[in-house]
Amino acid sequence: MKKIILGIALVSLTLFSCTEKKDKKTSNKITLTAIEKGKKLFNSNTCNTCHKEQVKVIGPALKDIAAKYKIEEGNIVTFLQGKSKPIVDTKPGQTAIMQANLSITKPMKVENLKAISEYIMSIE
């Protein structure tokens, strides 16, 4: 009887362990997919004309945007919707350029804006 209970316990433990690992892999795959989708949207909507990952071109580098939004606990999605003020490079000339470009992001679906945000926030 003890062997049967021990056997059932081992089988249950093994199945539970396998299920947990599978969930972690799925979660990582979803996150990676969101980042890839965000990068694709970022580049296809010409955001990469002014913003590069590591260096400032016209607008701030994505690494600087991500760092500032992490520190300030800002929300990139609400900024891209035009519902919040910029917190990175707030000089009037820079904000005027970006405000004009928000016409591209304002009508986008929230899911796409979240993907762009995930991409930006993934850059260090």
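Where a number appears in this text, it was derived from the coordinates with a stated rule and is not lab data. This one's a predicted model, so the numbers in the text were calculated from it and none came from an experiment.
Rounded, prolate or oblate: which fits region 79-124, taking a ≥ b ≥ c as square roots of the Cα gyration tensor eigenvalues, rounded meaning a/c under 1.5, else prolate when a/b beats b/c?
In terms of gyration-tensor shape, oblate.
Output the pairs from K40/K109; K39/K85; K68/K114; K37/K109 with a Cα-Cα distance over 21 Å in this structure; if there are none, say none.
Cα-Cα > 21 Å for K39/K85; rest within.
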